[in-house]
Amino acid sequence: MTTQTQPQAADTTDAVTVRGVDKTFETRSGQVHALQSIDLTVSAGEFVSLIGPSGCGKSTLMRLIADLDQPTAGSVSVFGKTAKQARLDQDYGIAFQQAGLLPWRTVSANVGLPLELHGTSSRERTSRITELLDMVGLSDFSDRYPDQLSGGMQQRVAIARSLAEKPDLLLMDEPFGALDEMTRERMQTELVRICAETGAAVVFVTHSIPEAVYLSDRVVVMSPRPGRIQEIIPMALDRAPAAADGLREERAFFDMVTAVREALHTGSPVPSGPRGVENR
């Protein structure tokens, strides 16, 4: 039987608070323990990546935060609310690996879909769509259809759509996983800029160590199933948009990549200092 404890009082400045979360799935061959004893806090405006081996529960944890599934035990709160209430209040936007655009709608119509569904006036909707397309650099493509766009451009449309209702939290499940490496790096740089402009917190699922390092304030390294938090590594990097272009060439970047790789593959303790581990 699935039970969920009520969230304890949370600091509403925290975007996400996960306490004592377990997740077990019932299958024909028995129970599958996907997550065990997960405790995690994501502060407002913070970018946190989840990384770990396939099947470690990264996407499952994302789904629990998004209220697309419920924990077997423990609690999840978003800005001090239950995950369900945060979903009903549209406190977060979500983007997946596939852009999921409607092929019969133009770029503008896809971006404006959440606003349309929630009854935003035509005038406000047009203004917001214009703002979002300018933010993601697609103002000249507003009347195009998804099949007329590259994969990277489709993902930018999906990100714009996820931002339509000005959420304070973005949940992103491998949104760049299907892109070629050059496009992926460009999209990472765009995401850094967009996050700086919006101030939204981000929970980001990825299999790429360099991607996690480049984007994140902290990287959460998860263990093989049942997924547990193995290490939480703060990134000692300058990800200001002005510094983003040269970040991948800096020694500190390679040091952080090494720290995450060691935690991921060996689980050995990471020394204190720039490569230190912060548990929270």
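We did not get these values from a lab; they are worked out from the coordinates using the rules stated. Everything numeric here is computed off the predicted structure, so don't read it as measured data. We place every Cβ from the backbone using ideal geometry, glycine too, and count neighbours over all the protein chains shown.
Numbers below:
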item: Spatially proximal lysines relative to K166 (Cα-Cα < 21 Å; intrachain offsets below 8 disregarded); result: K81, K84
item: All lysines inside 16 Å of K23 as judged from Cα atoms, apart from same-chain residues fewer than 8 positions distant; result: K58
item: Assigned charges on the beta-carbon of Lys, Arg, Asp, Glu; the chain dipole about Cα centre (debye); result: 600
item: Footprinting exposure proxy for S142, S77, S121 (fewest neighbouring C-beta atoms within 10 Å first); result: S121, S142, S77
item: Ascending count of other beta-carbon atoms within 10 Å, so fewest first, for F254, F47; result: F254, F47
item: Residue among F176, T60, L264 farthest towards the positive dipole end of the chain, charges placed on Cβ; result: T60
item: Correct option for P(r) over Cα pairs in 10 Å bins from 0, in percent [calculated from the coordinates] among [x] 7, 28, 34, 23, 7, 0; [y] 6, 22, 25, 21, 15, 7, 3, 1, 0; [z] 7, 32, 39, 20, 2, 0; result: [x]
item: Two-decimal Rg/Rh across the stretch 174-254, once Rg and the Kirkwood Rh are taken from alpha-carbon atoms; result: 0.96
item: DSSP-assigned coil residues among chymotrypsin sites (Phe, Trp or Tyr not before Pro) in the stretch 57-104, each with at most 11 further Cβ atoms within 10 Å; result: W104
